[in-house]
Each structure stands twice: as structure tokens, then as C-alpha cells.
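The values are calculated or read from the model by the stated rules, or taken from the named source; none is laboratory data. As the structure is a computational prediction, the values presented were derived from the model and not from experiment. As a convention, Cβ positions derive from the backbone with ideal geometry for all residues, glycine included, and neighbour counts pool all protein chains shown.
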Amino acid sequence: MRIDLNADAGESFGPWTLGADEALCEIVTSISLACGFHAGDPVVLRGTLQLARRAGVSVGAHPSYPDRQGFGRRVMQLSPRELEAMVLYQVAAVAGMSRAEGLRLRHVKPHGALFHLVMRDDEAADVFVRAVRSCDPDLCLVGHGGSALARAGQRAALRFVSEAYMDRTYEADGSLTSRADAGALITDPLQAAAQALDITMRGCVRTRDGSRELPVAAETLCVHGDTPGAPAIARAVREALERAGVLVAPF
């Protein structure tokens, strides 16, 4: 069995620091880099790429709505033309910076409110995929299995990588618990490790209220860089998976 561990990274800005990118790069196998719209800046992006190169971590772009104040987690009304240009701009920037640092961009994973939009809306997902494909048709898409983004990727002949979460709880309908609700985040490393093992070994995840187990297929498990104690969570998950005989490696 094989699984990738991914983390959001490069989300600091100027003198403001968020996350523990250096520690996470020593544990995970891929990172999704903020593109400057919800977080990050050119200096942070370049420095995080250098961390990834030294650690041998695969890199991807994490495009979002242009929403620094809301950290990309607020819905914005954009035309298809605006959305496509916005996504292409961000992915191309990270691809170019990656090349400059001797790396190749491998995947694209939408962030925040944009993520939720393209998971459920087929038209928006097609626009998102068109932007990604125009930058590089060899890029992988990362998101929820069975989503609008997965269908759009299939139509455009882009590889889709299904993702699940080690640090978020799930509701009975399969959605992630809203961040506005108590219990949305898993900050206990042992609880996160147990959830990761269930997803990887058994293909299921227990709902937040414990009432049922949901089927979940995943090629990559995510820890959010802004989750408190993210490196400890990632390390506990990786150690538990390796003890179980799972190969932890980039997809």
C-alpha cells in the first residue's frame, strides 16, 4: 500500500509567519504552495521552494480567490473569464518560480472557498481545469474523489488524485465539518493517526458524531499548515502508516 502526505505551505507574508514549513517539509512528501492571493509572497514562495528542494518534497500550486483578509475562505463572484485568468496567473507564477529553483510543478490543488466551488460546480470546475491545462497538460489535479473537479479532469484528460484529511472531521453527508463548528479540526496527533489509518487501510472515515463510517478513497492525505501542531500531527500519521507497512511517497 502507498499514500502521499501533503501539506499547505508558503502561507507566510512579509514579517507575518504562519505555519512551520521547514518542519513539515521534513515529514510530508508533497506540499501545495500559496500563490500570493490568499497568502504568501514572492520571497516566501521562493524560500519554501528551496526548502522543498533540499528535503526532496514534490511541489504543487494552491491557487485561491484574491482574498488576503479572509485567507481565501470567503466566496467571491467572478465571471468564467476572470476565474480562468486568475487561476492561470497563479499556477504559471508558481511553475515559473519552481523552474528557477530546479523543480518541476507537479500538481494543482484549489484553496478554500475556491476549492469548495470547483468540487460541486461543473461549470466552474471546467473553467479551473482549462486554466490548469493551458499552463501544463501534465499537471495533476488534487481534490475530492467523485467531485465536479474529478469529472472535469477526466474530460480534459488530466490525472486526478483523490484526497482525504488527517486533520479535519467529516459529517454524515460526506462533507467536511464547517470551520465555524466545534470539532471541525483534529489537533490530537493520535486521533489524526487513527483517522489516517482508517482511510488508508480500510477505505473509510468515521463521522464527527461517531454515528457511521463513510467510504473514502484517497491517494494523498492532507494536513493544513495553519492547523495548530501540524508538524506533530504529520509525524504521528507518518510513523503510524510506516509501522503498518504503508509506503509513504509522492503520488
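Looking only at the stretch 173-185, decide whether some residue is closer than 22 Å to Glu219 by Cα and of a type in the set (Lys, Arg). No: zero hits.
Looking at Leu78, Leu33, Leu18, Leu88, just one residue is touching a Leu at 6+ places or on another chain (Cβ under 7 Å) and among the aliphatic types (A, V, I, L, M), and that residue is Leu33. Figure legend. Inter-residue proximity from the stretch 7-27: first residues at pLDDT 95 or above, second residues in a helix (DSSP H, G or I) and basic (Lys, Arg), beta-carbon distance below 7 Å, spacing 6+ or different chains. Indicated pairs: Ile27/Arg235; Ile27/Arg238. Of the residues making up the stretch 53-86, those that are surrounded by 21 or more Cβ atoms within 10 Å (Cβ to Cβ) and either in contact with a Cys (Cβ under 7 Å, 6 or more places away or on another chain) or within 23 Å of Asp126 (Cβ to Cβ) (or both) are Val57, Gly60, Ala61, His62, Pro63, Ser64, Tyr65, Gly72, Leu83, Met86.
Set side by side, the residues Arg99, Arg2, Arg54 differ, and just one is modelled with pLDDT of 95 or more, basic (Lys, Arg) and over 24 Å from Ala232 (Cβ atoms), which is Arg99.
Residues that are farther than 22 Å from Arg2 by Cβ, surrounded by 20 or more Cβ atoms within 10 Å (Cβ to Cβ) and not small (Gly, Ala, Ser): does the stretch 170-178 have at least one? Yes, there is a match, as at least one residue in the stretch 170-178 is farther than 22 Å from Arg2 by Cβ, surrounded by 20 or more Cβ atoms within 10 Å (Cβ to Cβ) and not small (Gly, Ala, Ser).
Picking from residues in the stretch 1-52 that are in contact with a strand residue (DSSP E or B) (Cβ under 7 Å, 6 or more places away or on another chain) and hydroxyl-bearing (Ser, Thr, Tyr), the one that is surrounded by the most Cβ atoms within 10 Å (Cβ to Cβ) is Ser32. Val108 falls short of the stated requirement of being buried (at least 22 other Cβ atoms within 10 Å of the Cβ), within 19 Å of the chain's Cα centre (by Cα) and under 14 Å from Arg151 (Cα atoms).
Summed over the stretch 185-244, the residues that are among the small types (Gly, Ala, Ser), part of a loop (DSSP other than H, G, I, E, B) and under 27 Å from Arg159 (Cβ atoms) give a count of 5. Restricting attention to the stretch 197-246, the residues that are under 18 Å from Gly143 (Cβ atoms) and of a type in the set (Gly, Ala, Ser) total 4. The single residue among Ala194, Ala157, Ala164 that is surrounded by fewer than 18 Cβ atoms within 10 Å (Cβ to Cβ) and either under 18 Å from Ile3 (Cβ atoms) or of a type in the set (Val, Ile, Thr) (or both) turns out to be Ala194.
Filtering the stretch 120-142 to residues that are surrounded by fewer than 24 Cβ atoms within 10 Å (Cβ to Cβ) and either within 15 Å of the chain's Cα centre (by Cα) or within 18 Å of Ala217 (Cα to Cα) (or both) leaves Arg120, Leu139, Cys140.
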